[in-house]
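Okay, so here's the structure we're looking at.
The values are calculated or read from the model by the stated rules, or taken from the named source; none is laboratory data. Since the model is a prediction, treat every value here as computed from it, not as a measurement. Here the Cβ positions follow ideal geometry from the backbone for every residue, glycine too, while neighbour counts run over all protein chains shown.
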Amino acid sequence: MKKYNFNAGPSILPDVVLEAAAKAIIDFDGTGLSLLSISHRTPEFEAVVADAKNLFRELLNIPDNYQIYFVGGGASTQFFHIPANFLKTKAGYVNTGVWTKKAIKEAKLYGQVEVLASSDDKNFTYIPKGFAIPEDLDYLYICANNTIYGSEYKTDIDSPVPLIADMSSDILSRPVDVSKYALIYGGAQKNLAPAGVTFVIIRDDMLQKVVRELPTMVNVNTHVENNSMFNTPPVFPIYVLRETLKWMKAEGGLEEIYRRNVEKAEMLYAEIDRNSLFRGTVEKEDRSLMNICFVMTEGNEDLAPAFMEFAKSKGMVGIKGHRLVGGFRASCYNACPKESVEALVACMQEFEQMHK
Ligand SMILES: Cc1ncc(COP(=O)(O)O)c(C=O)c1O
């Protein structure tokens, strides 16, 4: 049976990317050797890193005064790398759910944390807006897309202090004005690659703003100065990331990918709003393009397990909502085809007919 992959992460990657990755495991770029058994310090692999950086820069329109590096440890490692490098006295955080709470916990090990705003009061179903940003902060930290709750910032904040964003689950899904950020980072295992590599995009001036002596691997300068090769980098995920960026470019770049993402999300949200059995959980203006969350309408809650079974029988994979939110979550990352969303919509409509 055809499967429709809505996994939240690790998640769907384009078929051509998987084919290229499978091929490289046997014969990496015509070297006659497996990608898994070469030194990362070969010209061939250095070219992969260079390509990946160039494509990232081109697709996201990253200005020249920013550096890009790839490192292991997942986004969770950045939760402490960021305050270790930049939190001298006090940092501002906006609490929009689990991933910012975890980042706040780590930041408190290094200095004061001021939670400038929080959507905790409504189970993180909206993005706080209009909060004041004190000018004496070392930085302001946000999570651009909240994978678990399905909320997303739709505008780039104007911040008087360096703005740092976790874009693990919406990187390269929509245009972003990189020049408004001092640092953007994320685990690549949603839109770009398998688990194992984290991308960091950092403005040059931040490299001089490291506030304390740090272990070598924690200092941001280490990774910039050594071109992501201070230690053995996650070779395979970086290769796949390069292939995904090549795919994005061939598909028409970020503008086209964004157009498709909007089309898919509008289609699914329209059905959620129309269908008498389902309702969205997030304020309309803050709804994520990537992680689309919904629950059964009041009085129909008991139908949730039946819908889950029905959807499964129709080939839907990964639509169970996170345990903190319940209900359903369809993650519609870049590589999720429109056909998958059409199939889910058809499934919701059929289910409604069955329960009228
Ligand atoms: C927005 C966001 N930040 C951080 C993380 C943690 O990423 P990692 O597992 O790479 O540490 C996740 C994981 O799903 C996420 O969605």
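Considering segment 328-344 alone, what residues qualify as being buried (at least 18 other Cβ atoms within 10 Å of the Cβ) and farther than 15 Å from Lys312 by Cβ?
Scanning segment 328-344 gives Ser331, Cys332, Tyr333, Asn334, Ala335, Cys336, Val341.
Read through the list (1) more than 19 Å from Leu324 (Cα to Cα); (2) assigned to a helix (DSSP H, G or I), then give the number of the only condition that Leu116 fails.
Answer for Leu116: the failing condition is (2).
Name the pairs: first residue in segment 153-171 and assigned by TED's automatic domain parsing to the domain that holds Ile62 and among the β-branched types (Val, Ile, Thr), second residue within 10 Å of the ligand (Cβ to nearest atom) and part of a loop (DSSP other than H, G, I, E, B), Cβ to Cβ under 9 Å, at least 6 apart or on different chains?
Close Cβ pairs satisfying both conditions: Ile171/Ala144; Ile171/Ala188; Ile171/Lys190.
Filter segment 158-181 down to the residues that are aliphatic (A, V, I, L, M) and surrounded by 21 or more Cβ atoms within 10 Å (Cβ to Cβ), then identify the one that is nearest to the ligand (Cβ to nearest atom).
By that ranking, first place goes to Met167.
What are the pairs, 6+ residues apart or on separate chains, where a residue within segment 76-102 that is modelled with pLDDT of 95 or more has its Cβ under 7 Å from a residue that is basic (Lys, Arg)?
These pairs meet every condition: Ser76/Lys102; Phe79/Lys102; Phe86/Lys209; Asn95/Lys101.
Need the failing condition index for Thr155 against (1) over 14 Å from Lys53 (Cα atoms); (2) within 16 Å of the ligand (Cβ to nearest atom); (3) polar (S, T, N, Q), just the number.
(2) is the only condition that Thr155 fails.
Step by step: first the residues of segment 203-218, then only those that are surrounded by 15 or more Cβ atoms within 10 Å (Cβ to Cβ) and over 16 Å from Phe79 (Cβ atoms), then the one that is farthest from the chain's Cα centre (by Cα). Which residue is that?
Checking each candidate, the answer is Val211.
List the number of the failed condition for Gly74; all other conditions in (1) within 16 Å of the ligand (Cβ to nearest atom); (2) closer than 20 Å to Pro162 by Cβ; (3) in contact with a Gly (Cβ under 6 Å, 6 or more places away or on another chain) hold.
Tallying (1) within 16 Å of the ligand (Cβ to nearest atom); (2) closer than 20 Å to Pro162 by Cβ; (3) in contact with a Gly (Cβ under 6 Å, 6 or more places away or on another chain), Gly74 fails exactly one: (2).
Criterion first (assigned by TED's automatic domain parsing to the domain that holds Asn221 and touching a residue at least 60 places away in the same chain (Cβ under 8 Å)) does Asn54 satisfy it?
Here the answer is no, as Asn54 does not meet what is asked.
Here is a check on your reading of the model: is Lys105 of a type in the set (Lys, Arg), away from the ligand (no atom under 16 Å from the Cβ) and closer than 27 Å to Asp138 by Cα?
No, not satisfied.
Return the pair list, or none, for Cβ contacts closer than 7 Å from residues in segment 174-196 that are over 18 Å from Gln67 (Cα atoms) to residues that are at pLDDT below 95 and surrounded by 21 or more Cβ atoms within 10 Å (Cβ to Cβ), at least 6 apart or on different chains.
Hits for this filter: zero, empty list.
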